[in-house]
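These notes concern the structure reproduced below.
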Amino acid sequence: MSKGGQSMPFRIADGGRIDRTRTFDFTFNGRQYQGHPGDTLASALIANGVRLIGRSFKYHRKRGIVAAGAEEPNALVQLGSGARTEPNMRATQIALHDGLVAASQNCWPSVDFDIGAVNNALARLLPAGFYYKTFMRPAALWMTYERLIRRAAGLGRAPTEADPDRYAHSHAHCDVLVAGAGPAGLAAALSAARTGARVILVDDGSEVGGQLLGDTARINRNDALRWVREVWDELTTLPQVKVLVRSQVAALWDQNMATVVEQVGKGGPLAPHLPRQRLWKVRAREIIVATGAIERSIAFGDNDLPGVMLAGSARTYLNRYAVQAGRRAIVFTNNDSAYHAALDLHRSGVPVSAIVDVRAEPGREVRAAASEAEILVLPGHAVLRALGGDSLRAALVAPVDVEGRATSDARENARTVEGDLILVSGGWNPAVHLWSQARGKLRFDPVLATFVPDHAIRGIRCAGAANGAFCLADCIVQGLAAGAAAAKDAGFARGPTLLPPHIDREASAPIAPVWQVQYPTAYRFKQFVDPQNDVTVADIELAAREGYRSVEHLKRYTTLGMGTDQGKLANITGLALLAAAIGRPIPEVGTTTFRPPYTPVTLGAIAGPEVGAHVDPVRHTAMHAWHAEHHAVFVNTGLWRRPQFYRQGKESDLDAVNREVLAVRNGVGLVDVSTLGKIDLQGHDCAEFLHRVYINNFRSLAIGRCRYGVMLREDGMVFDDGTVTRLGETHYLMTTTTANAVRVMAQLEYLLQVEWPQLDVYLTSVTEHWAAMALAGPRARAVLSRVADIDVGDAALPYMAWRECRIAGVDARVFRISFSGELSYEINVPANHGQPVWEALVAAGTEDGLCVYGTEAMGVMRIEKGHFVVGPEADGRTTPDDLGLGRLVKKEGDFIGRRSLAKPGLAALDRKQLVGLAPVLKREPIARGAMLVIDPRHQPPCTMEGFVASTCFSPNLGMSIALALVSRGRARIGERLWAMSPLSRMSTEVVVVEPVFFDPDGARLRV
Amino acid sequence: MLLIHCPFCGPRDQTEYSYGGDATLQRPTDPAALSDQAWGEYLNVRDNPAGLHDEMWQHAQGCRRWIGVRRNTLTHEIVSTWSPDAAEAA
C-alpha cells in the first residue's frame, strides 16, 4: 500500500464515499494503478483514465464501462490468478483491495491489439443465426466447428486448480425479508422492524443507501445520506434486524424461500477461519422487493464505443466514487432523469457540450436548470452516431421526430458535437427479476414505457423504483407502507405510524418511448442492443423478417439477453424493437422468462461445505479399523465401506479372491455382514404382518427358528430378500439386503401407518446396533465351540435355528443360516463389542487356518450356489417364478404383489428364467452383461435369448461360470448359446445348465 | 424449496421428507376380487391434476411418520397436512 494519490487524473479533489487517506495498488492487464478504499475496480479504472476494458463476444469490438452495478454488460474481467482466478467478474461490483489483480477477457494477444477483431470487419457475413445457417452441414462436423467457435467466442477462463477457499451455508428465518437497501428498502425495513418483526435487509452494495449514494437528493431539507445514516443507526440497534451488505438475493423460490449470496469480508485476503462466500437460505413470511430500477440505453450508431455510458451510472461514479467519467460530456436522453447527471457533471467542472433530447418538450424544471447552467439543450434531436476510432471524440446529432426517426432535413441539419463521453438515458426498467421469479405478473405501463409489477401475490410486495415509482418521495412512501403491511400480514400489531420525511417534488415531463434512432440508410452503423452478446437492431429486424415472432424464439435465435448479464440492459429494448418490427403492441409481445439467479452464483457457494470427503457421510462397521489394519481393499456399497478382499503380500486381486473362496470351502472363513439391514418387530400382529409382506408362509414360524423370505413390490416383481427370526412370542428380527435396508423400512412403515394401522406392530431399525459376522465353512463349528458358552452341535443348534449365548464373554445371538452354502453361523453382538468378538473368533480359528474374506469371495460362492441377489438378477423385472422361487409362494392368503402375479403378462410362458451358464471350452471367460444369441454370425439386430446377469471365476470348478436370465430357460438346460459382448470384443459359446453349480442338494449345510 | 408442516414435528424443510405419491389411493381389501383391468388401474393409473393434490410424504429424516399433504401443483402452496391416523379417526 502506498501513500498519497499522485495519479488518478479523473479523480476529483473532494466528496464521494471513498477514503482518500489510504491508497491501494492494483494491477490491470499487467499495469499498476492506484485507487482508494470504497472504490470498485470500475471506479478505480475510470479514475486512472482506463477506458478500454475488454473485447466484445462476437466481433471483438473495443468496449468500456457502461454501468455502475449488476447490469454491467461490458466490463467483465478475469479476476485474480492461479487457483483463485474467476472469470466474467463485473468490474462494477468488485470491491477494490490492495494488490488486486485483474485482466481483460476475450482478446489475444492483448486488449489493444486483438486478432479476433477481424470478425468486426467481416460483420456483414456474421448476421443473427449465422452459426445455425453455416455449420448445419455436414452434421458430423458440428463437433469440430463447435470447439473452434467456442474458443473464438469464449468469455473468461475457469480455474484449472481446486478452489482453495471455503464456502459456508447458513439457514435463516425471518418475518420480513427486504431485498434492496435503497430509499424504499430502508423505509420498508424500518417500518416493519418498528412493529417488532424479525427483518433481514439485503443489499448488493458495500453500504446501504442504493441510488441515494450516487445522486444529490435531499430529504428533510438535508443531504439524503443523513436520513440514510439515521435509518441505518436505528436498524442496527434493533436486535431482531439483520442487515447483509455485499449480498445478493440471487433467487426467490416457492413458499418465500430466498437464496442470498454473501461476499464475506471487504475483498482481498480473508482471515483463515472465514469462508469466502456464504450462501443463505432464508425463509421469510413476507418479502419486499425493493431492488430499484435499471437504466436502459437507446440504440444509435456505434453506441458501443468506449465513452458511451448510462447517464445515471456516470452520476454515480461522480457522486459516490468522486471520479469524472470523461473530460467533456454530451447527454442523449428521452426523459428528464439524465439532466441531473448533466448538471452534476457540470457543477463538478466537466463541460457539457449539449443535452440532446428526442422530446420536443423536456421537463420545465430540468430545462430551466440547464439554461441557468448555460448548457445547450437540443430538443427534438438525437445522436445518430458516436464518432471516434479507439475512443469517443464527438457525436453526430440531427433533428428527429417524436419516435426518434430522422426528419427529412436531418442530413442538412446534422452537426458534430464534441465530447469524449456520451451519457445516454433511454428511461428506467424496474428490476422486477425477483418478483417475476416468484411468478409475479407484469403489466406494460405506457406512461413509464416499461413493464411494472401487476396484481398482488401472496407474501410478496414490490416497493419503490422496482414497483415503477421513479420519484424519491413515492419510493419512501411505498417503502413505509409495504413494510407496515408486510409486518401486519406476518402477524404483528401495527407499530407507531411513520410519517414520510419531507422531500421536494419536481414537476417532470413524461418519457418519449424511443428505443432506437432511425435514419436514412446512408447512416448505416451498428446499433447495439445487447453489447455483451453483440446483438444489434439489424439482428432483431432480420430475425423478425425470418419469422421469429415470439420473444422467446427471438432470444434463442439472436442470443439477445443470453450473456452472463442475462440482458439486464438489453431485454426490454430488444422486445420493444421486435414489437415494432412485427407491428404488434409491446404488451402482446411480452417478456422472456426471468430465471434465477439474478447474478451468476459461483459453484463453490452452491456446493458449500459439501465437497471432497464431506459430499456424503461414510458408514463404517464396528470392525472397520481391524479390516484396514489387515490390508482390506474396500468397496463402496451405498455409504458403507466394505472389505472387498484382504490382500496378502503381492498377490493379484483374483488370486486373493480365489484364496479366500477355497479357504472357506475347505476350512473356515469369517466375513463382516454388519451392513445387512436389521429391523426389530414387536407386537401381537407381527406374524400376520409378515405374512402379508412376504410371499412365504410366516404364520407357522416357531419361536427359536429362522426362515428365508422374499418380498415383492405391488407389481409382482421381487423387491428384497432376507431372513426372519422369531425371537419370542411377539418379537421378530428381520434382515434385509444392504442396498434396500432404507427402502424396506420405509415401505413397512407405510403399510403399518397408512394401509393397516389396526395391526399391532412396532418397527425399529437396529442395523447399526448390532455388529454381524458370518463364520462359514466345514470347520466353523469347531471354531465356534471354542468361544461359545453353549453347545453349538447340530442337535442343539440345527440349520435355520438361533440361540442366545455368550461369545468371548459377550452376549450374542447366533443364527445358523448360510449364504455361502457352507455350514455357517451368523453372529450378532452389540456393535461396541464387534471388534473384540471378531478378534476372538480370528484367534480361535488360527489352528483351523481361519481366513477372513470379503464381498468378492461372498459373491463367487453365491454364484456357485445359484443364489440370486437384488440388482443383477432381481433387477425389478423378475417375478419369484422367474428366479425359480415359485415353490415359496404360499397357497393361501393375500400378500403385497400377489394379485399382480396372476396378470397374464407375468404368467406368460416365454418369460426369462434364471439359469446357469458354463463355457463349452473350459478356459474361456464369460463377459459380464453379455447378450445371449443362438448364432454368433447374425448381424444385429438379432433375437436376444437372454443376458448374463452375474459372472465369476469359480476356483472350485476351475472355470468361469455365470447366472443368466434366458427366455424359457429352465426348459433349455443343455442347449448351447453364444454370449456376445461387442463392447469387450468377447464371444463365448456357453451351455445352459442348472443355476446351482456347487452342492446342489445342500448336503454341506446340514452337518 | 417447500416448507412442510409435519403434524408431529411442526414446519420442516422439504429435504427432511420423501415423497410417496397419491394419498387418495387405498389398497383394495380383496385384490383377488378385482379384474385385471381394475387392478392395473390401481397399480398404474394416476391423476395428474393442475391444482390441489392430496399426496403422501414421509418425514424420513424426522419422526418417520407418513403424513398427508394437500398441495397445489401449480403454486406449490400447501393447504393442509394431516396424520393418516387422524383421518381414520375422523
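Values quoted throughout were computed directly from the atomic coordinates according to the rules given, and no laboratory measurement underlies them. In this text the structure is predicted, and so the values were computed from the model without any measurement. Virtual Cβ from ideal backbone geometry, glycine too; neighbours counted across all protein chains shown.
Of note:
- Of all residues making up the range A:359-372, the number that are in contact with a Phe, Trp or Tyr (Cβ under 8 Å, 6 or more places away or on another chain) and part of a loop (DSSP other than H, G, I, E, B): 2
- Among residues of the range B:7-60, those that are touching a helix residue (DSSP H, G or I) at 6+ places or on another chain (Cβ under 8 Å), in a loop (DSSP other than H, G, I, E, B) and within 21 Å of A:MET257 (Cβ to Cβ), counted: 2
- Test result for A:VAL742, within 14 Å of another protein chain (Cβ to nearest Cβ), in contact (Cβ under 8 Å) with a residue 12 or more places away in the chain and either closer than 23 Å to A:VAL671 by Cβ or in contact with a His (Cβ under 6 Å, 6 or more places away or on another chain) (or both): yes
- Boolean, A:GLN255 is polar (S, T, N, Q), more than 16 Å from A:SER425 (Cα to Cα) and within 14 Å of chain B (Cβ to nearest Cβ): yes
- Assessment of the range A:864-871 against the conditions (surrounded by fewer than 21 Cβ atoms within 10 Å (Cβ to Cβ), of a type in the set (A, V, I, L, M), in contact (Cβ under 8 Å) with a residue 12 or more places away in the chain and over 25 Å from A:ALA918 (Cβ atoms)) yields no matching residue.
- Here the condition is being touching a Phe, Trp or Tyr at 6+ places or on another chain (Cβ under 8 Å), within 30 Å of A:LYS891 (Cβ to Cβ) and not charged (D, E, K, R); of A:GLY929, A:GLY916, it holds for A:GLY916 alone.
- The residue that is surrounded by the most Cβ atoms within 10 Å (Cβ to Cβ), counting only those in the range A:635-666 that are closer than 22 Å to A:HIS620 by Cβ and more than 42 Å from the chain's Cα centre (by Cα), is A:GLU660.
- Of everything in the range A:899-929 that is in contact (Cβ under 8 Å) with a residue 60 or more places away in the chain and in a loop (DSSP other than H, G, I, E, B), the residue that is farthest from the other protein chains (Cβ to nearest Cβ) is A:LEU921.
- Positions within the range B:41-78 being within 12 Å of chain A (Cβ to nearest Cβ) and among the β-branched types (Val, Ile, Thr), in sequence order: B:ILE67, B:THR73, B:THR75, B:ILE78
- Residues (in a loop (DSSP other than H, G, I, E, B) and either more than 22 Å from A:THR738 (Cα to Cα) or among the small types (Gly, Ala, Ser) (or both)) located in the range A:666-678: A:GLY667, A:VAL668, A:SER674
- Residues of the range A:493-523 satisfying the condition of being more than 43 Å from the chain's Cα centre (by Cα) and of a type in the set (A, V, I, L, M, F, W, C): A:LEU499, A:ILE503, A:ALA507, A:ALA509, A:ALA522
- When residues of the range A:899-933 are limited to those that are touching a Gly at 6+ places or on another chain (Cβ under 6 Å) and over 13 Å from A:VAL966 (Cβ atoms), the one surrounded by the most Cβ atoms within 10 Å (Cβ to Cβ): A:SER900
- When residues of the range B:15-38 are limited to those that are surrounded by 13 or more Cβ atoms within 10 Å (Cβ to Cβ) and at the interface with another protein chain (Cβ under 9 Å from one of its Cβ atoms), the one nearest to B:SER80 (Cα to Cα): B:ALA23
- Scanning the range A:701-720 for residues that are more than 27 Å from A:ARG877 (Cβ to Cβ) and out of contact with any Lys or Arg (no Cβ under 9 Å at 6 or more places or on another chain) turns up nothing.
- Filter pass, A:ILE807 being of a type in the set (A, V, I, L, M) and either under 48 Å from the mean Cα position of the chain (by Cα) or closer than 26 Å to A:VAL996 by Cβ (or both): no
- Residue satisfying all of: in the range A:206-223; among the small types (Gly, Ala, Ser) and surrounded by 22 or more Cβ atoms within 10 Å (Cβ to Cβ); farthest from A:GLY265 (Cα to Cα) among these: A:GLY214
- The condition of being in contact with a strand residue (DSSP E or B) (Cβ under 7 Å, 6 or more places away or on another chain), more than 14 Å from every other protein chain (Cβ to nearest Cβ) and crowded, with 20+ Cβ neighbours inside 10 Å holds for A:VAL289.
- Tallying residues that are more than 14 Å from every other protein chain (Cβ to nearest Cβ) and basic (Lys, Arg) within the range A:855-893 yields 4.
- Elements of type strands (runs of 3 or more DSSP E) in the range A:239-321, at least 1 residues being polar (S, T, N, Q) and either under 19 Å from the mean Cα position of the chain (by Cα) or more than 19 Å from A:PHE594 (Cβ to Cβ) (or both): A:247-253, A:257-263, A:277-289
- Unique residue being within 14 Å of chain B (Cβ to nearest Cβ), closer than 30 Å to A:ALA902 by Cα and in contact (Cβ under 8 Å) with a residue 40 or more places away in the chain when the list is A:LEU690, A:LEU763, A:LEU751: A:LEU751
- Count of the range A:400-430 residues which are buried (at least 20 other Cβ atoms within 10 Å of the Cβ) and assigned to a strand (DSSP E or B): 11
- A:ILE896 vs. criteria buried (at least 19 other Cβ atoms within 10 Å of the Cβ), more than 14 Å from chain B (Cβ to nearest Cβ) and either touching a strand residue (DSSP E or B) at 6+ places or on another chain (Cβ under 7 Å) or hydrophobic (A, V, I, L, M, F, W, C) (or both): no
- Any chance A:ILE503 is in contact with a helix residue (DSSP H, G or I) (Cβ under 6 Å, 6 or more places away or on another chain) and over 25 Å from A:ALA258 (Cβ atoms): yes
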